[in-house]
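These notes are about the structure you will find just below.
The values are calculated or read from the model by the stated rules, or taken from the named source; none is laboratory data. What you see is a predicted model; the values in this text were computed from it and never measured. Cβ placement follows ideal geometry from the backbone for every residue including glycine, while neighbour counts extend to all protein chains displayed. Side chains are part of the model used for accessible areas, which takes the heavy atoms of the whole protein and leaves out ligands, DNA and RNA. Shrake-Rupley method; radii C 1.70, N 1.55, O 1.52, S 1.80 Å.
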Amino acid sequence: NKPSCHKAFTETVAILVGDALQSLAFEILADKNMNIDCAVQLHLVQHLAKASGAKGMVLGQALDMMPEDTMNLASLEDVHLHKTGALIEASIIMGAHVALCKDKKTFNALEQFSRALGLAYQIQDDVLDLEATTETLGKPAQSDLKNDKQTYPVLLGIENSKKEYLSLYDKAMAQVEAIGLEDSLLAELTLLL
């Protein structure tokens, strides 16, 4: 129940904090005292740079700033796959690299898992924006609606958005089960979504 960074400390400070946290992630990954192979470490840095940069989160943020009247379901999905999805995928795939996974089937399943999970997360967030209270969300409820944002509920309706969320969640869990991780921490964390 505390105000977000931009409310407590100004938008300028919040942007700088975001910049600092992003560079901190690279600082941690590049630490010479990490107990992993240097080639893996370099791959992690490259993967996070791609996911957070011009081909990932930054692209998603730029697409999200497009005029709302140009937004349709395909373009909205593209926004979310690059914003939320790119970072979720990076966290999953980077974990597989640290675990020294070499199996292409596993990587493919993890990529499909993270894409489905990223979209499911965003659709759930869109629905919660309409149905939850400000206190529950920790941010102003119905802010997407007030800002005329195109969201899944606006384009599909709330009930169809919930069906899509559940379908994507099932797809994500099917990928986890396909590689034998249904009893893993990854599956457990997914259940918390």
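Per-structure values
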quantity: Net charge dipole size for the chain [Lys, Arg +1 and Asp, Glu -1 on Cβ; Debye, nearest 20]; calculated: 420 debye
quantity: Around Ile123: net Lys/Arg minus Asp/Glu count, Cβ-Cβ under 11 Å; calculated: -3
quantity: Over the chain: Kirkwood hydrodynamic radius from C-alpha pairwise inverse distances, Å; calculated: 18.3 Å
quantity: 27 Å Cα-Cα threshold exceeded, pairs from Lys104/Lys163; Lys50/Lys171; Lys32/Lys102; Lys2/Lys55; Lys104/Lys162; calculated: Lys104/Lys163; Lys2/Lys55; Lys104/Lys162
quantity: Mean Cα-pair separation over length for the chain, i.e. relative contact order, pairs under 8 Å, 6 or more apart, %; calculated: 18 percent
quantity: Inverse of mean 1/r across different Cα pairs in the range 1-48, Kirkwood, Å; calculated: 12.5 Å
quantity: The range 52-193 - accessible surface per residue (Å², probe 1.4 Å); calculated: 55 Å²
quantity: The chain, accessible surface, carbon-and-sulfur percent (1.4 angstrom probe); calculated: 58 percent
quantity: Degrees between helix 11-29 axis and first principal axis of the chain (Cα, 0 to 90, nearest 10); calculated: 20 degrees
